[in-house]
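The values are calculated or read from the model by the stated rules, or taken from the named source; none is laboratory data. All values reported here derive from a predicted model rather than from experimental measurement. Here Cβ is always computed from backbone atoms with ideal geometry, including for glycine, and neighbour counts include all displayed protein chains.
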Amino acid sequence: MEMTWNKEDLSNYNTSKSPWYSVQDNGEVDIGNEMGTGDKISLQPWGMYKLVKEWLNSGNQLSLEERKDLIDILNKKIKTTSILDDEEKMKEISGLFLEYVKNNPVDPLKNIREFTSQNQKEMQRIIDSINKK
């Protein structure tokens with residue numbers, strides 16, 4: 001899904017007519033100069049990591065609230081990945097996820113993005129429900 005920035009999101013030095021960005025389920029990011037043109041920058045997740053790391057190390061001028069929001073997002077991701085270290089929880093997740101896949105058949109060749117997105121959302125729901133126990 002392509003997203004656009006508001007005018008106030010852009011600096012005074014912006015020369016793009018309608019800059020846009022797109023974040024994919026697999027972590028890849030596209031950034032374009034103008035909607036509808038083929039010119040874009042495509043970054044792998046580690047490319048975004050490099051960009052964000054450099055930006056965070058610069059004078060990014062984030063407010064304390066904005067910094068807290070970023071930390072909260074990262075902490076949620078860390079909690080989700082730590083569950084992978086618990087063998088019993090992983091068995092429970094696997095069983096619940098297999099049950100979900102059996103009860104919700106989708107042809108992955110028909111629309112692989114939708115299939116992947118649905119599975120990722122369901123896996124996150126299962127992990128969140130187990131974390132609450």
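Within the range 3-28, which residues are of a type in the set (Val, Ile, Thr) and surrounded by fewer than 13 Cβ atoms within 10 Å (Cβ to Cβ)? Working first, answer last.
The initial filter retains those residues of the range 3-28 that are of a type in the set (Val, Ile, Thr), namely 4, 15, 23.
Scanning the range 3-28 gives Thr4, Thr15.
Only one of Leu51, Leu70 is assigned by TED's automatic domain parsing to the domain that holds Gln124, part of a helix (DSSP H, G or I) and not hydroxyl-bearing (Ser, Thr, Tyr); which? Steps first, answer last, please.
Values: Leu51 fails: assigned by TED's automatic domain parsing to the domain that holds Gln124.
Answer to the selection: Leu70.
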Inset, instruction - Could you list all residues from the range 72-102 that are hydroxyl-bearing (Ser, Thr, Tyr) and at pLDDT below 75? - result: Thr80, Thr81, Ser82
Inset, instruction - Collect the residues in the range 4-48 that are of a type outside the set (Ser, Thr, Tyr), farther than 18 Å from Ser117 by Cα, part of a strand (DSSP E or B) and touching a residue at least 12 places away in the same chain (Cβ under 8 Å), keeping them in residue-number order. - result: Trp20, Ile31, Gly32, Glu34, Leu43
Inset, instruction - Please work out which one of (1) assigned to a helix (DSSP H, G or I); (2) surrounded by 10 or more Cβ atoms within 10 Å (Cβ to Cβ); (3) at pLDDT below 75 is the condition Pro108 fails and give its number. - result: (1)
